[in-house]
Structure formats: C-alpha cells, structure tokens
Amino acid sequence: MTERTELVEHGQLFIGGEFTDPLGTEVIEVISPHTEQVIGRVPHASEGDVDRAVAAARRAFDEGPWPRMGLDERIAVITRIKDAFAVRHEEFARLISAQNGTPYSSSVMVQALAAMMVWDSAITVARDFPYEERRDGVLGPLLVRREPVGVVAAVVPWNVPQFTAAAKLAPALLAGCTAVLKVSPETPLDAYVLAEIAEEAGLPPGVLSILPADREVSEYLVGHRDVDKVSFTGSVAAGRRVMEVASRNLTRVTLELGGKSAAIILPDADLEAAVAGIVPFAWMINGQACVAQTRILVPNSRYDEMAEAFAAAAGALRVGDPLDPTTELGPLVAQRQQQRSLDYIKLGQEEGAKILTGGNRPASQERGWYVEPTLFGSVDNSMRIAREEIFGPVICLIPYEDEAQAVRIADDSPYGLSGSVWTADTERGIDVARRVRTGTYSVNTFSLDMLGPFGGYKNSGLGREFGPEGYGEFFEHKMIHLPAGYREA
C-alpha cells in the first residue's frame, strides 16, 4: 500500500437517484491529513440542491413504488447494495483512510466491512420485524400497524462515514422510507462510491440523494418542512442545534452523539488481556471515535503496574502514513482537530495530570496533522480532560479505591454511550455492567453488535440504532379499532 497521489474529482451531485449538475458553483476541496495537500474536489451542495433532493424524496414516498413494494422486493435491492460493499470494500477503506487518517490496517474492517455488516444485519432485522399485529383492546379487537415514517434526512460525520450512513440508510430504506444523505465536507469522496452502488442496485427514482455540504446546508435540510425524520450523528453541540431546528416542524429526531466512556479494570483482571483488549479501542480511529474507551479506571492496589503496562503499549503504537499497512495510529482529520488535542494536553498538565507517554507532535512526521498517542496518569475525574470529549489520541488513567467507587466514577460523566469491564469473574463483570448507566457495555471484550440496540444515555443522544429497536425508529404506529366480535377471515 502506497500513499494516494492522484486527484479525485467529481463534478455532479447524486440527486433523486441520478448524477446531475449542481445549481451552484461552490466546490469542496478534500485535504489529506497526512500530506496536507488537496486530494479531491466535489461540488458543494446548495440549499437549492437540498430542495431538489427533498422534493424527489417526497414524490418517491408519496407516489412512487418504493414504499408500496413488498418487503422481499426491497430486501433484494438492499442485498445488492450489501454485496457491492463486499466487492468494493478495499476501495472504500483506501478512500476513507486517505480522507480522515484512519490506519488502513483497521480501515478495512472498521470503515468498510463493518458498514457492509450493518446493511446485512438490517436485512436480518427487517425479515422478522412485526409490521402488523392483532391485540385485544379494552373496547374490542385492535390492529396495530407500523408504517414507514416518510422522508428521512440522514446527517453523518467524517470519522466513520460509511458505517454511520449504513446505520441510517439501511433501516430507513428497508422500512420503505426515502432518504437524503448529507455527508461531511471532510469525507465526501467515498459517498460517490455509495452513489454508484445505489444506482446499480436499482433503487427507484427519488429514493436516495447524497449531498456533500457544510453545517449551514445541513441546518437547512434538518429544518426542511418536507422532511419527516432526522437521523443525526455528531457532537453534542450540533445535536442540540439539530433538535432545536427540527422542533420547529415537530420533526422526529434520532441523535447519536458523543461519549467519554470508561473501561473499568477490576483488581482480579488479567492485565495482559485487558491491555490488549482496551488499547485498540481507546485509540481507535486515532482517538476520533464516540465509543472510544477514553477513561481507563484502574485499582489503586495495582496502579503502578497497570500504568506502566498501558504506557508501554500506547508508546509502542506505530505512527505514520494511514495508507501504510503497518501504521497503527494516523493523523487527525484536520488541523483544528490536531490543535484541539494539543490544547487539551496542555490543559491536562495545567490541571496536574502526569503524561505517561506522548504529549507532542511526533518527531517522525515532518508534515500532517499528527499527535502522539498520549496517556495521562494521576487523573482526577473532575479534570476537564476526564469530563470533556477530546476526540483525539488522548486517554486518561484514573485510579479508584473499590468497585463501588469505580462505578461512581464511570457514571460521573455527562455522557453515557459505551464502556467495558475487565475481570476474572464474568458474573461479577455482568453485575458491574448492569449498574453502569450507559447504552452499550462489554464484559472482557469490546464490541458493537448490529443486531442489538446502540445509543446513549444522558448527553450521548436520543433513540437507538441497530437491531429491532433502531429499525423501529423509522416507523409510525397506527392503531385501527375493529368492531366488537370481529374475527379475521
């Protein structure tokens, strides 16, 4: 694998299922976080382009065949999309790594095959979902239906662009909804591959549009009067704004927001296994993951031993070109993200935390938006570096006295998205998992299973993605009263 050097350019937008010229002339330049050079150009969608995309989606939902097809027909189309991901997964991985700095060594799974798994899992859920059921009501028999919610605005971030797109589009489309996907200006290139796949799969006209644009255009889409549902992944601040704008039309929202997840290592844990299991998911996507285990809670009785082990593992991570298959930690997506991490590192030192490894720009990289894998020790959970989402390769090691305090520290956060516990006693780990207030939890592992509900407590969001719970977010519920004594023929 060598560094990508060719310039990728697209001159059209994917609106209503076909490539068409944009209404405006503004262009998005995609910058490599490794070389700091332009690697791509695409049109910047305008508000007029949003109007066209939403109008196409509205017509397709109100009048087109997609919501009226049988489930098996929709599954056949989505299966073709899923199969195309398998064929083109390396292309997706390379494009995303080149844009956001994810090491290719993990991008194949995290950025590409995981997205394919989301499409596949949604098909599994759709087959067994209760679209219609009979109930005995107080006043007579009832028919309860779940009907597609309508036009969906799906707004996705730059860190896992295809994974988050699949988390929204797969259930929405299988439900019979139509969708407008708004992709981040940092990572628009892989969206064109998705558009090609969708076109080849045979989605009817108007069912899907894909628009690269900035926050202003995103806000216009979220507030559009013909949008019935918004599914958003991003920061807490942006999520609040999405909710505010969508509320003007009482538009339904699902928000998957930030995290400051805690990995609790109990005193009886196998340290080698804990380090091997936590480190890849603390620094995953170069620390740019909402589910990253960014607070590592260790018992005071084993603090020195564990601090040494984690510092050694973090310091050994190979930093470099994200397209080099031996790289384990790449650059941050943008200079602003690099500076944000460096600012938090300085803040952590001012707060009294101790740098156990890292803390600077890596000397091995003459250019690019790199920050060394950084581990802070002697962190108090009241420090800003322990409470605020940094979204960079900066991790906190927090000591605790006993299990009860560990759970209190894990819960002492405005977030509640993910977490894990590491112990020799699985039943004890399950008990801890039940007590921590967070949406997704793992015992002696780290996993995000697409057949279960994913989402957060507190500031980590509203609603769920994946599994029947996530699929259900794209339906309205209708109750039909039947006459007393009615029995189905």
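Descriptive notes on the structure:
- Two-site FRET efficiency, residue 27 against residue 384, from Cβ-Cβ distance with R₀ of 25 Å, rounded to 0.05: 0.10
- Straight Cα distances below 28 angstrom link residue 260 to the lysines 168, 182, 229, 346, 354, 458, with same-chain residues fewer than 8 positions distant left out.
- Per-residue extension of 0.36 nm, minus the Cα-Cα distance of residue 425 and residue 481, leaves a gain of 15.0 nm for this segment.
- With R₀ set to 35 Å, the beta-carbon distance separating residue 248 from residue 72 gives a calculated FRET efficiency near 0.35.
- Tilt relative to the chain, helix 426-435 - C-alpha long axis, 0 to 90 degrees, to 10: 70
- Compared with the alpha-carbon gap, the fully stretched path from residue 200 to residue 318 is longer by 38.6 nm at 0.36 nm per residue.
- Anisotropy class of segment 262-450 from Cα gyration tensor, a/c 1.5 cut: prolate
- Part-to-part distance (alpha-carbon centres) for segment 281-340 and segment 141-181, which is given in Å: 33
- The chain: Rg to Rh, with Rh as the Kirkwood radius over Cα pairs: 0.99
- Using C-alpha pairs under 8 Å with a sequence gap of at least 6, the mean separation divided by the residue count of the chain gives a relative contact order of 19 percent.
- Dipole of segment 1-127, positive end: most advanced residue of 121, 95, 11 [Cβ charges, Cα centre]: 121
- The H on the amide N of residue 420, modeled in the peptide plane, is under 5 Å from the matching H of 262, 263, 264, 442, each at least 5 residues off or on a different chain.
- Of the peptides 166-177, 61-72, 457-468, the order by per-residue mean of other Cβ atoms within 10 Å, starting with the highest, comes out as 166-177, 457-468, 61-72.
- Separation of the residue 488 and residue 127 label points, Cα + 7 Å toward Cβ, nm: 2.1
- Placing +1 on each Lys and Arg Cβ and -1 on each Asp and Glu Cβ, with no other charges, gives the chain a dipole about its Cα centre of roughly 1120 debye.
- With Cα atoms, 0 to 90° folded angle of helix 47-62 axis to the chain main axis: 50
- With the simple model of a label 7 Å out from the Cα in the direction of the Cβ, residue 301 to residue 215 spans 4.7 nm.
- Rounded FRET efficiency, nearest 0.05, which uses the C-beta distance separating residue 412 from residue 136 and R0 of 51 Å: 0.65
- DSSP beta bridge pairing in the chain, given as percent antiparallel to the nearest 5: 45
- Note on residue 240 and residue 12: the extension gain reaches 78.9 nm, defined as 0.36 nm multiplied by sequence separation minus the Cα-Cα distance.
- In this rough spin-label picture, where each label sits 7 Å from Cα along the Cβ direction, the residue 109-residue 36 distance is 3.3 nm.
- Note on segment 100-162: Cα-Cα pairs beyond 13 Å make up 76% of the total pair count.
- For residue 253, the amide hydrogen comes within under 5 Å of the amide hydrogens of 230, counting only partners 5 or more places away or on other chains and with H modelled in the peptide plane.
- Shape category assigned to segment 1-121 from the gyration tensor of Cα positions, a/c cut at 1.5: oblate
Each reported figure results from applying straightforward, stated rules to the coordinates on display, with no laboratory input. None of the values given here were measured: they were computed from a predicted structure. When we count neighbours, we look across all protein chains shown, and the Cβ atoms used for this are built from the backbone with ideal geometry, even at glycine.
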